[in-house]
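Beneath this line is the structure, given in structure tokens, with notes to follow.
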Amino acid sequence: MAEITHQLTITGMTCGGCSGRVVKVLEATPGVLRADISHQTNSGVIVTTETVSTEDLLAIVAGTGFGVSV
């Protein structure tokens, strides 16, 4: 399967615990290979298989309570 890299803007994170929570939820999602989330830059780079869409990632991150956009 091909790997797809998604870049997201994630707002509302104030510490490493916040970004760690987003990473934990994302990496528990089938099809997410790795997630690099930074509260300092309000950004995230997520590598997935082709089974996970950007819309899926937006919904997952929003479900953690943070703002998210492409």
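A few points about this structure:
- Expressed as a whole percent, the accessible surface of the chain that belongs to carbon and sulfur atoms is 53, based on a 1.4 Å probe.
- What the chain shows is 55 Å² of accessible area per residue, with the surface traced by a 1.4 Å probe over protein heavy atoms.
- The chain - mean residue ellipticity at 222 nm from DSSP helices (-39,500 (n - 2.57) per run, n ≥ 4, rounded to 500): -9500 deg cm²/dmol
- Calculated FRET efficiency for the pair residue 43/residue 2, C-beta based, R₀ 22 Å, to 0.05: 0.45
- Rounded to 10°, Cα long-axis angle of helix 54-63 versus longest principal axis of the chain: 40
- Relative contact order (percent, whole number), the chain, Cα cutoff 8 Å, 6+ residue spacing: 43
- Compared with the dominant principal axis of the Cα atoms in the chain, helix 16-27 is inclined by about 20°.
The values are calculated or read from the model by the stated rules, or taken from the named source; none is laboratory data. Predicted model, so just to flag it, every value in this text is computed and none were measured. Cβ atoms come from the backbone with ideal geometry, glycine included; neighbour counts cover every protein chain shown. In case anyone asks, the SASA skips ligands and DNA or RNA and just uses the protein heavy atoms, side chains included. Shrake-Rupley method; radii C 1.70, N 1.55, O 1.52, S 1.80 Å.
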